[in-house]
């Protein structure tokens, strides 16, 4: 035992010493290495590939810190709020822009853009408003649009195309089975597939977002709320919520989402977001899947369900059009000791040539050089649906209190849809009350 | 409880039937309780497809893919690109190629595991070092307000970690200790020192004072007596205490998830977020879990004798 | 002896006996302070100072994510709004439900196991060690891998439950259903911590001297009566100690729940620590969550103290 004690203290000493020395080496190495933080998902891997060109050109090495989506906001906002130096560049979610701008986490890029001749008019307007501006609709830029994204749909073209299925659908609904254009059609299609046997396997209608912890169910329900006529606030009076957030249309939409959840989704879909959706779709469980366009390049190449087996469509409309905006801009963290290298990266990233490569290898460019290109619509099977979607995107609040607003909606919607608590009206009334309180604490609205 | 005197106490000895019944029930419970753990270790050797197969697979052909995925990051490439590469060297590269991927580099697992080691050992060293001194003082000297201080030391363990994390977070932000190994070492030491003081005081109380007094009569100073008499006598207790502190620091999650993000992140917040393409990479998670558990399993066996004392803050001695 | 420093020796020779004694006393006190000092300093810096800071913050509207916003005192507003918030009370209720059932199950199973192990069958040492393993693991890692075991369809738990009861493994989701999720967490906690209660009970059982049973045997008390009038009362202080430690730990429960359900579905399993984490590190209402933290701390501290009084009362009986 005594020798063990001695050994242990020696080991601990070594550990301590190496901790200190390791700390020293990292600071030295940082002179030429910058760290980029993003979510861990397919496009991030593409960015790693893309960035090799930057390192080759500038001799600045790149390190990456990718966090899964469900922890992304928590971890990264925590990092920013603690003024951490982990990230030099951050591809932060669109809703963070208000808080990060007002708290000074991000470097304001206006002067830099002017100096380097980077024009925001070269980027799709929805992405500039969504990812770069704060306050919204003012020319104050805190990020460069990096990853254009929205919610979209993919469906099993092979199943839709089976003659016996088409015939049965036509007999039942007296119309052709096709990707749904409206939510009413969607419900028919998804209920039609629910519980059906296809290729000897029981399949289900659709996969929708229901995740509780971060933003999942909110990002899902929005795609029904917007087309049904939900609005975040009175268009004429900012922060006036009553009758908009809890309008009759919104209540109908929330009930509709619950009906979808209950009637046309696979069992156990109680806490599912992008990853679970991909798993279910790839394993052939569902006919249609809600997910971010960002995953579609990967899905298209999937050995099991990719290529000709699947098709894509834009979010169904109802009374009006609308779909949840996703995507991120790339920002320079103001606590970074490597600001000039980080800016150098943004300058490199903004060039049309890099943007084209970014689009080609699995990213999603917001640059007009890509989106307005003559061959764009033919460039990928989901390009048309994506273009449609980008013309009708709506984003969640981007207020500094966005996280609070988000958590409130997560709770109220999940309580109603998944946990069967109360009515849709009660849920939305409670949400209005929550949001009003948050705005009141911020000194906004009345 | 020695068996030698059992004849003298025959009235309280259980009958062989009772023993047999008790043995079977306990063994059954132990087996059931160990199944989840065995399942995880098994999952580490499955392929991702086998890991989430329906119904769950008990018989499968083992694969090291989980361990490969744990230690590497991979990127998907076109078949043409892969065909242009030289033949794969190493098993992991081979496995990745079969799935049209190439190994892009090492994953973050090793740095996170290293952080766990450094922070766990560093904080153990500090808390046991401080703890043994304080315990000796509480055991041998008249410290004013001794009982209050001891209770105060213990009560620091009662606060919910999240509650403590709020001000620590603010304080570390000001001091630049956020996401640093030093910050985590200090924090874990502060949490562990209460356990260390209570446990070590118990162990030192058991060492007769006469030993030191005899040494001091021989001309040792108090400090020399402490170093040359008390410490060697307390070795077993110190090692046991150290292992308990180590296990706590090794397993800790709440502080780690809130106060570290990259540089100083330990393994517990990292393991649950190992993801593959699309969803969770369960074999890699299981592999990480298995590697993470190995030291604990060894320590559990080593600690058998002191376990009770450790987990009750020395309140129950055997 | 030569080890003594020359200076000390000279001093000792130079001073008359009573003063030398006092020197010795003085130096002991000096050593005592030196020895207790580092621990106290560490605790002051990392426990007490932050606690005081929390109390201070709890009277303000401070938000840690708004460094540029004005901070003003709000009196006891935070405390009032914590105590009148129905969501907080719901979280407290969830916590109470969780604490109650985990303790009940762990005590019953743990005591039974300890009683059986105390029959000292052959190989009990090996089986006991095996049983002890779960409690040594990291709650976070445990929560994470149980989430895997609980997967509907593909998880081991559903498969076994389906095998035993005949229902379809995809017909229920332990973590997803409102009626099952709290029990899913209780099962994991019981799996993990029953060994803890068992170990303490075992110590209690082994502390009962044989002669008491022999005396009972002489009095021709039945085994059943021996159990109620000797075993249980003698082990009770140990059981209560186990309950105290488990109660404090589970009141603080965060890791496991965070990884199993993170409070869902809806807010069904949102225990106090999860609510606190959401308020403090997701909504960043630092002042408000500080007030909540203080209330939680006072609650644990108060309940634990009352309980210790009761424990001492039982012990002294």
Among helices (runs of 4 or more DSSP H) completely within region C:111-188, the ones holding 1 or more residues that are farther than 21 Å from residue C:254 by Cα are C:124-136, C:156-165
Filter region A:257-277 for residues that are surrounded by 24 or more Cβ atoms within 10 Å (Cβ to Cβ) and part of a helix (DSSP H, G or I); the one that is farthest from the other protein chains (Cβ to nearest Cβ) is A:257
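Given the criteria buried (at least 21 other Cβ atoms within 10 Å of the Cβ), in contact with a helix residue (DSSP H, G or I) (Cβ under 7 Å, 6 or more places away or on another chain) and within 10 Å of another protein chain (Cβ to nearest Cβ), does residue C:148 qualify? Steps first, please.
Working: buried (at least 21 other Cβ atoms within 10 Å of the Cβ): yes; in contact with a helix residue (DSSP H, G or I) (Cβ under 7 Å, 6 or more places away or on another chain): yes; within 10 Å of another protein chain (Cβ to nearest Cβ): yes.
Considered against the rule, which asks whether it is buried (at least 21 other Cβ atoms within 10 Å of the Cβ), in contact with a helix residue (DSSP H, G or I) (Cβ under 7 Å, 6 or more places away or on another chain) and within 10 Å of another protein chain (Cβ to nearest Cβ), residue C:148 comes out as yes.
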(message) Could you go through region A:155-169 and let me know if any residue there is surrounded by 22 or more Cβ atoms within 10 Å (Cβ to Cβ) and either in the same structural domain as residue A:91 (by TED's automatic domain parsing) or within 30 Å of residue A:76 (Cα to Cα) (or both).
(response) no
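Tell me the residue from C:188, C:197, C:230 that is more than 18 Å from residue C:110 (Cβ to Cβ) and either in contact with a strand residue (DSSP E or B) (Cβ under 6 Å, 6 or more places away or on another chain) or assigned by TED's automatic domain parsing to the domain that holds residue C:110 (or both), please.
Numbers: C:188 fails: more than 18 Å from residue C:110 (Cβ to Cβ); C:197 fails: more than 18 Å from residue C:110 (Cβ to Cβ).
Exactly one residue qualifies, and that residue is C:230.
Pick from B:197, B:164: which is at pLDDT below 90, touching a helix residue (DSSP H, G or I) at 6+ places or on another chain (Cβ under 8 Å), at the interface with chain C (Cβ under 10 Å from one of its Cβ atoms) and buried (at least 23 other Cβ atoms within 10 Å of the Cβ)?
Numbers: B:197 fails: at pLDDT below 90.
Going through B:197, B:164 in turn, just one is at pLDDT below 90, touching a helix residue (DSSP H, G or I) at 6+ places or on another chain (Cβ under 8 Å), at the interface with chain C (Cβ under 10 Å from one of its Cβ atoms) and buried (at least 23 other Cβ atoms within 10 Å of the Cβ): B:164.
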When every residue in region B:167-188 that is within 7 Å of another protein chain (Cβ to nearest Cβ) and more than 19 Å from residue A:75 (Cα to Cα) is compared, the one surrounded by the fewest Cβ atoms within 10 Å (Cβ to Cβ) is B:186
(Q) Checking the structure you have, find out if any residue of region C:220-241 is farther than 27 Å from residue A:272 by Cα, at the interface with another protein chain (Cβ under 8 Å from one of its Cβ atoms) and in contact with a helix residue (DSSP H, G or I) (Cβ under 9 Å, 6 or more places away or on another chain). (A) yes
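Matching residues to (1) in contact with a strand residue (DSSP E or B) (Cβ under 9 Å, 6 or more places away or on another chain); (2) without any contact (Cβ under 8 Å) to a residue 24 or more places away in the chain:
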residue: A:79; (1), (2): yes, no
residue: A:82; (1), (2): no, yes
residue: A:85; (1), (2): yes, no
residue: A:89; (1), (2): yes, no
residue: A:98; (1), (2): no, no
residue: A:104; (1), (2): no, no
residue: A:107; (1), (2): yes, no
residue: A:111; (1), (2): no, yes
residue: A:115; (1), (2): no, yes
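Can you say whether residue C:236 is surrounded by fewer than 19 Cβ atoms within 10 Å (Cβ to Cβ), part of a helix (DSSP H, G or I) and touching a residue at least 40 places away in the same chain (Cβ under 8 Å), as far as the supplied structure shows? Explain how you work it out, then say what you get.
Numbers: surrounded by fewer than 19 Cβ atoms within 10 Å (Cβ to Cβ): yes; part of a helix (DSSP H, G or I): yes; touching a residue at least 40 places away in the same chain (Cβ under 8 Å): yes.
Against the criterion (surrounded by fewer than 19 Cβ atoms within 10 Å (Cβ to Cβ), part of a helix (DSSP H, G or I) and touching a residue at least 40 places away in the same chain (Cβ under 8 Å)), residue C:236 qualifies.
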The residue from B:248, B:292, B:255 that alone is at pLDDT 90 or above and either touching a strand residue (DSSP E or B) at 6+ places or on another chain (Cβ under 6 Å) or under 30 Å from residue B:75 (Cβ atoms) (or both) is B:292
Residue C:153 meets each of (1) surrounded by fewer than 18 Cβ atoms within 10 Å (Cβ to Cβ); (2) on the phi > 0 side of the Ramachandran plot with one exception, condition (1)
Given (1) within 10 Å of chain C (Cβ to nearest Cβ); (2) in contact (Cβ under 8 Å) with a residue 12 or more places away in the chain; (3) not in a helix (DSSP H, G or I), residue A:420 misses just (2)
Is it true that some residue in region A:321-336 is within 14 Å of chain B (Cβ to nearest Cβ), more than 28 Å from residue A:179 (Cα to Cα) and part of a loop (DSSP other than H, G, I, E, B)?
-> yes
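The values are calculated or read from the model by the stated rules, or taken from the named source; none is laboratory data. Worth saying up front: this structure is predicted, and the values here are computed from it rather than measured. As a convention, Cβ positions derive from the backbone with ideal geometry for all residues, glycine included, and neighbour counts pool all protein chains shown.
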